[in-house]
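FYI, it's all coordinate maths here, none of it is from the lab. Note that this is a predicted model, so its numbers are computed, not measured. Glycine gets a Cβ as well: all are built from the backbone with ideal geometry, and neighbour counts include every protein chain shown.
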Amino acid sequence: MMRKILLCALFLSFCFGAVGENRVWQKGYTFLKFLEDYHIPLKLYYNLPAEDKELTAEIYAGVEYQTLKDKNGKLLQALIPVGEDIQIQIYEENSTYKLTFTPIKYFQKSQTLALEVLNSPYQDIFKQSKDLSLANEFLNTYKNSINFKREVMKGDKLALLYVRKYRFGEFFGTPTIGASMIETSKKPNFLISYNDGRYYNLAGKEITGFLLRMPLSNVYITSKFSQARKHPVLKQVVRPHFGIDLRAKIGTPIKSAGSGRVVSAGNKGGYGKAIEIAHEGGLKTLYAHLSSIDKKIKVGSYVKQGQNIGKSGNTGISSGPHLHFGLYKNNRPINPLGSIKTTRSELKGKEKEKFLQFAKEQKQLLEDELNKLTAQNTSEQTQSTLTQNPPLEESK
């Protein structure tokens, strides 16, 4: 079906002057407003199952989406990403608009980067890679262990092993850094991603990691986190659940999982009354289906870990009283259960042995890139010297 629709859209674009556009989802824009703007019946939303209505609230500000319209401005098709793996597809069939969820098509590539710091790690990574997200992710990786302004000097080297996603020939989503090294006063500092994306030093001790706590005093999980996937038999997209549902009676106090700044507080589509809090390291937490929001919680206000922010409820699209708790890294949903911890961990036993072997291999790959950089710099310096001081010609 998806292939037929895309072929049809391509045919229309050539034969009937259809126009495709890349657009950016604006802050405060809602899915219902999108339907209104394109004169699509709102029943398309209201007839959705509860879990699908909730997913439409996952569209975040700044995401790029695509539309295809005919010469009169009528929408023929729209593709709106929800996370990095699934998208909402709206299309017209037999004069009726339909909505489905389809996998996002992208390809990913393992890449390396090594450089000598000339200005700052952030500026130099961006200059060489043209990838702003990569520069941000590198800084977040070392945020809790290195003071870049004080400890990194001109001439220090850094290296990265990372995976980058591409869609429509452009960067897509957030790069995943698998291993990295940066010198501080010529001393190497290695970090290896292991155990669900946590970073450890070469000795197996966790270096970074924002410490979060559960938003409820008593925790009983009624629905776990899951990513979108394609059913191996039915060939349909199995709906994701971008968070965990926690049993909570209406009026149960909700506490902030970590210190941070409130980025939204109010109605959020299928999530009902909800609060979003931005934390360090590109993390964001979501607390949804609330019955009330504390009067002190305003957009822009700072909250401390453990501070009361509201009370649980049953607002929005909800099958019963509960708290939906979501965690995001650079707007990408991640499993809260893999990130909630009160202390930084240190690997032990067989798990540590396994890590040490893996870290040794990653370290060697990083050093190979640094050796290439050194050889390149030496070659350039030699060439520069020869250019400035050409060899004397033998006299005849």
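Structure values in brief
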item: Set LYS53/LYS295; LYS273/LYS311; LYS249/LYS273 screened for pairs whose C-alpha atoms are more than 18 Å apart; result: LYS53/LYS295
item: Cut-off 10 Å between beta-carbons: net charge of the residues surrounding THR30, Lys and Arg +1, Asp and Glu -1; result: +1
item: Estimated vicinal HN-Hα couplings, Hz - the stretch 34-51 in sequence order (Karplus 6.51, -1.76, 1.60; Gly, Pro = x); result: 4, 4, 4, 4, 9, 6, 9, x, 5, 5, 4, 7, 5, 8, 6, x, 4, 5
item: Length added when fully stretched, ASP70-LYS360, from 0.36 nm per residue minus Cα-Cα; result: 98.8 nm
item: Radius, Kirkwood style, for the chain when every pair of distinct Cα atoms is counted (Å); result: 24.0 Å
item: Whole-Å distance, taken between Cα centres, linking the stretch 151-196 and the stretch 263-340; result: 30 Å
item: Entries of LYS27/LYS127; LYS157/LYS354; LYS205/LYS350; LYS127/LYS284; LYS143/LYS205; LYS109/LYS130 with Cα pairs more than 20 Å apart; result: LYS27/LYS127; LYS157/LYS354; LYS127/LYS284
item: For peptides 322-332, 71-81, sequence by mean Cβ density within 10 Å, most packed first; result: 322-332, 71-81
item: Calculated FRET value between ARG239 and LYS43, using beta carbons and R₀ = 25 Å, to 0.05; result: 0.80
item: Per-residue Cβ neighbour rank within 10 angstrom, fewest leading, MET153, MET214; result: MET153, MET214
item: Residue-wise HN-Hα coupling along the stretch 321-332, computed from phi with Karplus coefficients 6.51, -1.76, 1.60 (Hz; x: Gly, Pro); result: x, 5, 10, 8, 10, x, 10, 10, 10, 6, 6, 9
item: When the convex hull of its Cα atoms is projected in every direction, mean area for the stretch 65-206 (nm²); result: 11.2 nm²
item: Under 5 Å, built H, 5+ apart or other chain: amide partners of ASP294; result: GLY310, LYS311
item: Proximal charge balance of GLU361 [Cβ under 12 Å; K/R count +1, D/E count -1]; result: +1
item: Sorted peptide list for 55-61, 276-282, criterion being average Cβ within 10 angstrom, highest first; result: 55-61, 276-282
item: Hz values of 3J(HN,Hα) by residue in the stretch 242-255 - Karplus curve (6.51, -1.76, 1.60), Gly and Pro given as x; result: 7, x, 10, 9, 10, 5, 7, 5, 4, x, 5, x, 10, 10
item: Extension gain, SER120 back to GLN307 (0.36 nm per residue minus Cα-Cα distance, nm); result: 63.7 nm
item: Cα→Cβ-extended label distance, 7 Å offset, between LYS205 and ASN267, nm; result: 5.2 nm
item: Sorted by Cβ neighbour density within 10 Å, fewest at the top, the residues TYR199, TYR220; result: TYR220, TYR199
item: Packing-based ranking, highest mean first, of 171-181, 128-138, 283-293 given that Cβ atoms within 10 Å are counted; result: 283-293, 171-181, 128-138
